[in-house]
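Q: Quick one: the structure is below, and I'll ask about it shortly.
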Amino acid sequence: MVDAKDGRVSVRVCKEIEMKAINLRTEYLINPIGIDIQNPRLFWNCEGGKKQTAYRIAAQTEGKTVWDSGKVNSSSMRAEYPAA
């Protein structure tokens, strides 16, 4: 990002750190089929034991996004899928 004020230019660099979520689970199950729970809980871990400060979850069906949590500032590695 570049800001120009009073003829001076300052540069700020924002770096995104790539993290990989592993051990993905829904209601403590790996790849469940046909969960009969209105608000299933989602759990994960970060690869390499890294710490997270935020997450974003996007659920898709047939390539179409049906839910997007948006950025959530949290170190928690769990979320609840909202009711339809």
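Q: So if I place +1 on the C-beta of Lys and Arg and -1 on the C-beta of Asp and Glu, and nothing else carries charge, what would the dipole magnitude of the range 17-80 be about its Cα centre? I want it in debye, nearest 20. Walk me through the numbers before you get to the answer.
A: Values: 9 positive and 7 negative charges, 58 e Å.
Here the range 17-80 has a charge dipole of around 280 debye.
Q: Next question. Loop only by DSSP, 14 or fewer other Cβ within 10 Å of the Cβ. Give me the trypsin sites (Lys or Arg not before Pro) in the range 21-56 that pass, ordered by residue number.
A: Values: sites: Arg25, Arg41, Lys50, Lys51, Arg56; in loops: Lys50, Lys51, Arg56.
Passing sites in the range 21-56 are Lys50, Lys51, Arg56.
Q: In addition: Given the convex hull over the Cα atoms of the range 17-80, what projected area results after averaging over all orientations, in nm²? Before the final figure, lay out the partial values.
A: Details: hull surface 19.8 nm².
The number I arrive at for the range 17-80 is 5.0 nm².
FYI, it's all coordinate maths here, none of it is from the lab. All values reported here derive from a predicted model rather than from experimental measurement. Neighbour counts run over all protein chains shown; Cβ positions are idealised from the backbone, glycine included.
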